[in-house]
Amino acid sequence: MPIRKILVPVAGKLNDDNLLDAALAVAREQSAAVEVLYLRPSLIGDVPGWEFDYGAWSEQYQAEIEASVDEAAKAARRYFDGWCHRNHVADAANTPEFAWREETGVNADVIGAAGRVVDLIVTRGPENTASAWSHEVFEDSLLASGRPVLMVPDSPFLNRIDSVLIAWNDSVQAARAVAGALPLLRDRKWIKVVTFMEQAGEEVNFDRLHGYFERHGILVECEAKPLDNRTVGQVLLSEIDRMQAGLVVMGAYTHSKAREMIFGGTTRDVLEQVRVGVVLAH
């Protein structure tokens, strides 16, 4: 199934060319439309104190808070319009459609509802601090939408994707990530599926996985790598570097999210350390 609609949820300040550039690159490659969803905070419950300039909460400050929220939204729209102008978006018939929409609420209900009617969500990872809400926007996109999420790196995306690494653990989440990423896998020079063994010499059968990709006209190389007393995250990050992969595809929070955040896990390792684009699904 091709990618035809992309969602880019943003909140607070918008000053991130690379995020919009990544959405544009995917949209051009996939002939997709893009919706940038600006999430205005609800004045009750989800306004971080470090995002806007105002004093301690009380009724007397409500007008200032509302004005600050309005100004942030206007500034974000000006930034978006300037980016569209610099990139000639909508200036030519073959330029992907970019739309701007605003909704109130930085929460799973709003982001999830918007995400369920698109094919791909493009966002920054939770470690990016451009917005006070980056962590919440990312996790709500991933956990509440049922759609694949492309986590954008700091480097230009799609300009250097010759090799793709697929982390496969035969989980529901990994299967969803692979299905969502299929349109992005076509015409890549090297696609490698890696699974991880607790001990060297374990038997791993890739026949059905090979057959699945062949049905889609995609050639992949498969390898089972032993952990050798390392974590899955450590081995995965090492393989990303060794391959010089430009894109990683993996399931997210295969174990419970709470367990991974407390004890660590592959998802957390990747979110904190990877420097390339990652397609994730839960």
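Stokes-Einstein, applied to the Kirkwood radius of segment 152-225 over Cα pairs at a viscosity of 1.567 mPa s and 4 °C, places its translational diffusion at 96 µm² s⁻¹. By the rule of a C-alpha distance below 17 Å, with chain neighbours fewer than 8 residues away ignored, the lysines paired with Lys74 are Lys13. Per-residue Karplus couplings for segment 266-273, computed as 6.51 cos²θ - 1.76 cosθ + 1.60 with θ equal to phi - 60°, are listed in order as 4, 4, 5, 4, 5, 4, 7, 10 Hz, Gly and Pro entered as x. Counting only DSSP beta bridges whose two residues both lie in segment 145-224, roughly 0 percent are antiparallel.
Candidate cross-link partners of Lys225 among the lysines, defined by an alpha-carbon separation under 21 Å and a same-chain spacing of 8 or more, comprise Lys192. Here segment 103-257 is described by how far its Cα atoms reach on the three principal axes: 53, 36, 29 Å, from widest to narrowest.
Only the coordinates and a few stated rules stand behind these numbers; no lab work does. Everything numeric here is computed off the predicted structure, so don't read it as measured data.
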